[in-house]
Amino acid sequence: MDASEFRVGDRENEQAWKDLFDDLKARGVKAIGLWVSDGNKAMLGAITAKFGTAPRQRCVVHKMNNVREPHPNQTARTDQTGVASFILPEGSTSR
């Protein structure tokens with residue numbers, strides 16, 4: 001079954017996510033084959049509460065954006081393959 005849901009809400013609110021997932025269940029969704037999401041803690045909590053057995057994968061775009069987000073004391077650059085690399089000044093530590 002294909003089902004989709006759209007609503008405007010507070011994305012950092014776990015109850016809002018639970019309500020959305022309850023609506024999906026009420027329309028016949030029994031299980032999710034794979035969740036692809038960012039690291040939003042509210043969403044992850046609701047997924048665990050409402051579809052606890054469903055596998056989850058971190059969105060590759062979100063993950064790479066996080067990896068490329070420079071540390072305050074580093075310079076980020078991308079090589080020819082598109083992989084981000086980071087150079088920390090001597091004496092700096094990563095967070």
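Brief remarks on what is shown
- Cα gyration tensor category, rounded, prolate or oblate, for the stretch 1-58 with a/c compared to 1.5: oblate
- Pairs from 30/63; 18/63; 30/50 whose Cα-Cα separation, in the structure shown, is over 21 Å: 30/63; 18/63
- Shown in residue order for the stretch 45-51 are the 3J(HN,Hα) couplings computed by the Karplus curve 6.51 cos²θ - 1.76 cosθ + 1.60 at θ = phi - 60°: x, 5, 4, 4, 5, 9, 9 Hz (x for Gly and Pro).
- In a fully extended conformation the segment linking residue 19 and residue 56 would gain 11.4 nm over its present Cα-Cα distance, using 0.36 nm per residue.
Laboratory data are not the source of any read-out in this text; all were calculated from the coordinates shown. What you see is a predicted model, and the numbers here were worked out from it, not measured in a lab.
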